[in-house]
Amino acid sequence: MKSLIVVILICISTVLVGQEVDCKKFKDGKFKIVDADRGDSIIERYGSRQIEYGDASKLKLEFKVKWLDDCSYTLELKRVIENPNEIPLPDNMILTIEIVKTSENSFTMVSSSNLYEMVMETEVFKIE
């Protein structure tokens, strides 16, 4: 019985260690979100600045990035660069992003906002 418990504990610890999230390599760079429903998005994030462009919406936005820890950050809209379809944007919205999983060239993020209860999980691919 004791050996069975030891084997189970070793398996659990191996699984937990194998799922380490390496967020630092995704702090800066050029990224792509592929979304058949809402259209693809291109994100360029360097330092405390992020530019995001949506293919379908044609929105191009600049955000202020504030890292809370190695895997969590907030996005605050600084300015609208392009909005040819005049899509209304909410004032004072802050997006909170948590990177929950990483792989070699992508990460999975969970995003929420201070204005809506909806939480979204999205895979983001590093392209540069």
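We did not get these values from a lab; they are worked out from the coordinates using the rules stated. All values reported here derive from a predicted model rather than from experimental measurement. Here Cβ is always computed from backbone atoms with ideal geometry, including for glycine, and neighbour counts include all displayed protein chains.
So if I place +1 on the C-beta of Lys and Arg and -1 on the C-beta of Asp and Glu, and nothing else carries charge, what would the dipole magnitude of region 58-107 be about its Cα centre? I want it in debye, nearest 20. Walk me through the numbers before you get to the answer.
Values: 7 positive and 9 negative charges, 32 e Å.
I would put it at about 160 debye.
In what order do Val21, Val34 fall by count of nearby beta-carbon atoms within 10 Å, going from fewest to most?
By the 10 Å Cβ count, ascending: Val34, Val21.
What is the Rg over Rh value, at two decimals, for region 21-126, using alpha-carbon atoms and the Kirkwood definition of Rh?
With Rh from the inverse mean 1/r over Cα pairs, Rg/Rh is 0.93.
Do any trypsin sites (Lys or Arg not before Pro) in region 32-128 lie in a DSSP loop with no more than 16 other beta carbon atoms within 10 Å, and if so, which?
Of the trypsin sites (Lys or Arg not before Pro), the ones in loops of region 32-128 whose Cβ has at most 16 other Cβ atoms within 10 Å are Arg38, Lys58.
What number, rounded to the nearest 500 deg cm²/dmol, is the helix-based mean residue ellipticity at 222 nm of the chain, given -39500 (n - 2.57) per DSSP H run of at least four residues and division by all its residues?
-4500 deg cm²/dmol
For region 36-78, place one equal point scatterer on every Cα, skip the solvent, and apply the Debye formula. What is log10 of I(q)/I(0) at q = 0.29 Å⁻¹?
Reported log10 I(q)/I(0), two decimals: -0.97.
To the nearest 20 Debye, how big is the dipole of the chain about its Cα centre, given +1 on the beta carbon of each Lys and Arg and -1 on that of each Asp and Glu?
Working: 17 positive and 22 negative charges, 78 e Å.
About 380 debye.
Nearest 10 degrees, 0 to 90: what angle lies between the long axis of helix 2-18 and the longest principal axis of the chain (Cα atoms)?
Roughly 20 degrees, rounded to the nearest 10.
When only C-alpha pairs under 8 Å and at least 6 residues apart count, what is the relative contact order of the chain, in percent?
Numbers: 242 pairs, mean separation 24.9, N = 128.
Contact order relative to length: 19 percent.
Asp22's amide H: which non-local residues (gap 5+, or another chain) put their own amide H closer than 5 Å, with H modeled 1.01 Å from N in plane and none for Pro or chain starts?
Those lying under 5 Å, H to H, from Asp22 are Thr102.
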